[in-house]
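To keep things clear, I will list the structure first and then write my remarks on it.
The values are calculated or read from the model by the stated rules, or taken from the named source; none is laboratory data. In this text the structure is predicted, and so the values were computed from the model without any measurement. Glycine gets a Cβ as well: all are built from the backbone with ideal geometry, and neighbour counts include every protein chain shown. The accessibility values were calculated without ligands, DNA or RNA, using every heavy atom of the protein model including side chains. Shrake-Rupley method; radii C 1.70, N 1.55, O 1.52, S 1.80 Å.
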Amino acid sequence: MGVSKSLVFCVLVFQLLSLSSAEIRFNEIRNDNRPIIPFDEFGFTHRGRLELNVSKISLSNPDLDFSKVGFFLCTHDSWLHVLQQLEDGEITCVLQSDLIKQVFTFNNLNGKSEYSTIYSENDADQYTLVFANCLQQLKVSMDVRSAMYNLEGRSNNRDYLSAGKTILPRIYFLFSLIYFILAGLWIHVLYRKRLTVFRIHFFMLAVVVLKAVNLLCEAEDKSYIKRTGSAHGWDVLFYMFSFLKGITLFTLIVLIGTGWSFLKPYLQDKEKKVLMIVIPLQVVANIAQVVIDETGPYGQDWITWKQVFLLVDVVCCCAVLFPIVWSIKNLREAARTDGKAAVNLMKLTLFRQYYIVVICYIYFTRVVVYGLETITSYKYLWTSVVAGELATLAFYVFTGYKFKPEAHNPYFVIDDEEEEAAAEALKLEEEFEL
């Protein structure tokens, strides 16, 4: 029954797996009695290889049947059938199933404390490397080094990126070039329209540049993993710029939603509170992302960090919508009460468009892209990455086009009364803080 529950848990883990690249992994297991420990997931071609080195093996009870302890490969679909076999009582241990592919079991140790093997996988599919311990009274300690790759060409070059993700370095590099071009075009626009440029336009430039650098680092990260199985430090740069890009993008959405720098030179208390919520949450989200990527699903807290990341991401996405809603409400009231109904109505229409686009962007990149990852064949997992990056690119282009520095843009129409009201509100706020 314990094994059955663990298999259900592992099905959940497989659903939450980010399908990350399976670079060479070093994992330490200490006094662990979990019946099932999933490691990395990888898409093999017809020339797939698994190198597995297990060392410093320590068993709490050496006098047991170790044919029920070992490593195996299994596809996601096979898991469901194995679970059914356990439920029906056809087998008592997952290693007894004919639906899995045994790599090795501990009865082959013959008293040794280490074991190494190279397993050839010629059936193209997406597999997960799993450790099974069907002996409830047994605790296992070991160091595990795993490397999964596909052989390419006549020279048998190793490709450590999963099938379906092997072209990701080129995709990320292409998108980084597009963003660098966009940054150049935006600099040209700022120079030409320098008389109508606001501070937030320079902030937009910073967001685009950070996105371009982030994609460049991710391209190098994946390229080194593809060739060597290790990121060679590019993962550190990727995490750093991913953190900066995430914070600046959410901050930009909040600032545009509040009308900062365009409609008013200050932020209200409630708008500052949104930023004070979003920025720390982005810090937590990036910490969770690092833990998820670096530990893998074998870690006992991996699924907790995955849930934390998903929760924090959803909260951030919801929080950035509030300033836009507040601005829409204020503009709707202003259009009814003052004599500038036409101007306020144009601003209101623009805010409504931006609100809808932000919602579509969040929904597509968080829900639709995840759905594509789930339903797409492992051979075409790159399509979900392209879809997400195209949606992000469209969002950046829309934001830049709608809020570009231009004198006749209704978003920038601020008369003397509005300027005086803004200055008075800022003065009152400063006096209140003192």
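When the Kirkwood radius is taken over all Cα pairs of region 24-159, what Stokes-Einstein diffusion coefficient follows at 20 °C and 1.002 mPa s, in µm²/s? This corresponds to a translational diffusion coefficient of 138 µm²/s. Solvent-accessible area assigned to carbon and sulfur over region 24-159 amounts to 41 percent, based on a 1.4 Å probe. Short to long, the 5 Å bins of the Cα pair-distance histogram for region 158-212 hold 4, 19, 20, 15, 11, 9, 8, 6, 4, 3, 1, 0 percent of all pairs. Using a probe of 1.4 angstrom and keeping all protein chains present, the accessible surface of region 24-159 works out to 47 square angstrom per residue. Restriction of the trypsin sites (Lys or Arg not before Pro) in region 95-145 to DSSP coil positions whose beta-carbon has at most 14 other beta-carbons within 10 angstrom yields Lys112. Scoring 382-389, 212-219 by mean Cβ neighbours within 10 Å over their residues and listing the highest first yields 212-219, 382-389. Under 11 Å from a label point set 7 Å out along the Cα-to-Cβ vector of Glu114, no amide N atom of region 66-92 is found.
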